[in-house]
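Here the structure is laid out as structure tokens; the discussion comes afterwards.
The values are calculated or read from the model by the stated rules, or taken from the named source; none is laboratory data. Treat the numbers as computed from the prediction; the structure is a model and nothing was measured. Quick reminder, even Gly has a Cβ in these numbers, built from the backbone with ideal geometry, and neighbours come from all protein chains shown.
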């Protein structure tokens, strides 16, 4: 809104009072600036902060790793304690390597301007089957590979049961009875989720990781030969400022 | 525009003229109402706490958690233990997936829509994103012309899927849904083990700026 400025004319009093009147009109206008006083598209990337609260470096692992029903058996939907789950790891079910885990600068999910953390996981299942020392092994379609997202807030890990996904092994059409359960699967497991304040009970999210497990629909066979083989796995996340509803 | 100095710079000891003062005041008064990018220094707003929550992204999500009832060494998944299984039936038409529907009021903005879900069953199915009842062809998992290409749909048994799309919308109220369509190639008469959608999540990111 333009300022109505009364010009000082020749012959007018030119003193503290008249100057104060002019200054006051400027002061009043500056203090009452509205949205309409700012030209559209005034604020650009040079003026405003990023709307990204945190972007951890995505983590990938590419080597083939193995999990078996002996070292990474499925513990059940939404199972706690979360430490019973096996994190996807560069050493597979044996553990001890590098976990598929992101570390982000602390995000407070109770901040009203926190829009949540978007999480993206893709895990490539190379094989999900029996690896018997002899014979055709157990039918491949009796095996399940299970995956999920966990988040670390405060000093605890939280398992997000709604992110659990599973894939069933597949008996491939055209294979012989002797080999149909010995084929690789090559299947991508995608998970997307939005971590919200209600997912955790602490106010500082600092880590996100991916877990996996293997299950079989009966107890036949040798558990250590029942394997979930993963190849390329990638976990990434982005925390955004925004209104969350 | 930015100011470098007043139009009439008054030096020390110089007599002050009325017009000089007027012109200096007028410079400020004319600027008000047309403040633009030159009037704010770089990084003028350095903290995101100074921004309104709705300045950039408005994020909405809906989800449902479903126990598939897998028991290692004992049983595989089913679609009957957990009451939150969504069983779309065998109608060959796009059907909204339970709990994955969001109604939101937007500005003129692009919407980034993400769907992540678990499919139970081995019949052919297709999944897609719909906005205001319109199914986005580019979001369909499976074939668009099923009659012409009956092998184009997922039929690999239990497996998870992800869909996403970026869609510009006009200001107003919109309904975003994840939808599913049953295909009858494998089970022309489906009995017992009907398909189901289990763990599932719909995320809508309105990108206002």
Checking residue A:77 against (1) out of contact with any helix residue (DSSP H, G or I) (no Cβ under 8 Å at 6 or more places or on another chain); (2) modelled with pLDDT under 80; (3) surrounded by 11 or more Cβ atoms within 10 Å (Cβ to Cβ), the condition it does not meet: (2)
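Any idea which of A:103, A:90 is in the same structural domain as residue A:225 (by TED's automatic domain parsing) and either over 30 Å from residue A:237 (Cα atoms) or surrounded by fewer than 15 Cβ atoms within 10 Å (Cβ to Cβ) (or both)?
Of the residues listed, the single one that is in the same structural domain as residue A:225 (by TED's automatic domain parsing) and either over 30 Å from residue A:237 (Cα atoms) or surrounded by fewer than 15 Cβ atoms within 10 Å (Cβ to Cβ) (or both) is A:103.
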If residue B:144 satisfies all but one of (1) at pLDDT below 90; (2) away from chain A (no Cβ under 14 Å); (3) in contact with a strand residue (DSSP E or B) (Cβ under 8 Å, 6 or more places away or on another chain), what's the number of the condition it fails? (3)
State yes or no: is residue A:63 loosely packed, with under 13 Cβ neighbours inside 10 Å, part of a loop (DSSP other than H, G, I, E, B) and modelled with pLDDT of 85 or more? yes
Please go through the range B:20-42 and pick out each residue that is within 7 Å of chain A (Cβ to nearest Cβ), without any contact (Cβ under 8 Å) to a residue 24 or more places away in the chain, surrounded by fewer than 18 Cβ atoms within 10 Å (Cβ to Cβ) and not in a helix (DSSP H, G or I). B:32, B:33, B:34, B:35, B:42
The range A:168-199 - residue that is more than 20 Å from the chain's Cα centre (by Cα) and part of a strand (DSSP E or B) and, of those, nearest to residue A:76 (Cα to Cα): A:168
Residue in the range B:60-83 that is farther than 20 Å from residue A:166 by Cα, buried (at least 18 other Cβ atoms within 10 Å of the Cβ), in contact with a strand residue (DSSP E or B) (Cβ under 7 Å, 6 or more places away or on another chain) and within 7 Å of chain A (Cβ to nearest Cβ) present: yes
Out of A:148, A:153, A:210, A:175, report the one residue that is within 27 Å of residue B:67 (Cα to Cα) and either surrounded by fewer than 24 Cβ atoms within 10 Å (Cβ to Cβ) or not assigned by TED's automatic domain parsing to the domain that holds residue A:92 (or both). A:153
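Residues checked against (1) in a strand (DSSP E or B); (2) more than 35 Å from the chain's Cα centre (by Cα); (3) more than 9 Å from chain B (Cβ to nearest Cβ):
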{"residue": "A:17", "(1), (2), (3)": "no, yes, yes"}
{"residue": "A:30", "(1), (2), (3)": "no, yes, no"}
{"residue": "A:33", "(1), (2), (3)": "no, yes, no"}
{"residue": "A:102", "(1), (2), (3)": "yes, no, yes"}
Mind checking which residues of the range B:124-138 are at pLDDT below 95 and either surrounded by fewer than 18 Cβ atoms within 10 Å (Cβ to Cβ) or within 14 Å of chain A (Cβ to nearest Cβ) (or both)? B:127, B:137, B:138
So residue A:123 ticks every box in (1) within 15 Å of residue A:236 (Cβ to Cβ); (2) in contact with a helix residue (DSSP H, G or I) (Cβ under 7 Å, 6 or more places away or on another chain) but one. Which box is left unticked? (2)
